[in-house]
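What follows is a set of notes on a single structure, which appears directly below.
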Amino acid sequence: MSFEFESALQNALVQAGLTQRDVRVQHQRFDQMLSFGSTDVQSAMDLRNPDRLVLNYTRVMMGFALFQPRPRNMLMIGLGGGSLPKFCHRHFPGTDITVVEIDPRVIALRDRFEVPPDQHDFRVVQADGADFVAATDDASYDVIMVDGFDADSMAPSLGTQNFYDQCARLLTAGGVMACNLHELDLYFGAYLERIALSFDGEVLGVAARECGNSVVFARRHMGIDAHLPKHLRCPSGMAEQAWAGIEADVHDVLRRARDIRAFA
């Protein structure tokens, strides 16, 4: 079975509700977690501070702010428990955010995870992420964040060469894609090669400190190490407390980008 055929089949099964994806909400001490299966955790929310980014890989994904500190618009593929959409909606005021999620059962849980309601600058769309980017006009987003997983692996349609080509097409000049991958995924190496091909090699991989996640950043029409800040600063509009929660992880991204420059 080809990779592309497997991708199309998986998407059709999800849309028809015929997969074994078990969407569950679990609780552990002060955390509320979204799981696709019996043990895996896709998203987590601190009930005492619902906007805090609990999982390390989500904080690493905020490294996009090094490349686009004031994005005008963002596309997020994969809602999960809404950690990243909530955080960005609150702390990047004025940014227009579109979230695409294929599974209506996940969208139905948005209130339990305190995802904001649809409004003029924030919306959740039920659609296949690959279909959505293919149907969208060119140069529409400053930031694209890809985080679409089921219980076993990333959705196959979000790992094809065509999907990454479409994401590159949709980014404005200097725009950045941040893609959450898993290093134990059978296709991890293939995903990296495809992203590099779509973005002319301007890619940066940063391993998260937990769960084997690796976040890949890719820029369009600009070097991945171009115009890096000399010193980290709290982005305009972000609360200092929120910045303190992600600063160390964003610094990890900056350090890796500087390493690319130093050893180029």
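The values are calculated or read from the model by the stated rules, or taken from the named source; none is laboratory data. Since this is a predicted model, take the numbers as computed values, not measurements. Counting neighbours? That spans all protein chains shown, and the Cβs are built from the backbone with ideal geometry, glycine included.
In the set (1) in contact with a Leu (Cβ under 7 Å, 6 or more places away or on another chain); (2) surrounded by 15 or more Cβ atoms within 10 Å (Cβ to Cβ); (3) free of Cβ contacts under 8 Å to residues at least 40 places away in the same chain, residue 217 fails one condition alone, (3). Residues in segment 188-207 that are in contact with a Leu (Cβ under 9 Å, 6 or more places away or on another chain), of a type outside the set (A, V, I, L, M, F, W, C) and either under 14 Å from residue 159 (Cβ atoms) or buried (at least 22 other Cβ atoms within 10 Å of the Cβ) (or both): 191 only.
Looking only at segment 118-131, residues that are within 19 Å of residue 160 (Cβ to Cβ) and surrounded by fewer than 18 Cβ atoms within 10 Å (Cβ to Cβ) come to 2 in all.
In segment 128-158, which residue that is of a type in the set (D, E, K, R) and touching a Gly at 6+ places or on another chain (Cβ under 6 Å) is modelled with the lowest pLDDT? This residue is 147.
Scanning segment 56-89 for residues that are more than 15 Å from residue 217 (Cα to Cα), part of a helix (DSSP H, G or I) and in contact (Cβ under 8 Å) with a residue 60 or more places away in the chain yields 56, 84, 87.
Residue-wise test of (1) buried (at least 18 other Cβ atoms within 10 Å of the Cβ); (2) part of a helix (DSSP H, G or I).
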{"position": "221", "(1), (2)": "no, no"}
{"position": "224", "(1), (2)": "yes, no"}
{"position": "229", "(1), (2)": "no, no"}
{"position": "238", "(1), (2)": "yes, no"}
{"position": "247", "(1), (2)": "no, yes"}
{"position": "260", "(1), (2)": "no, yes"}
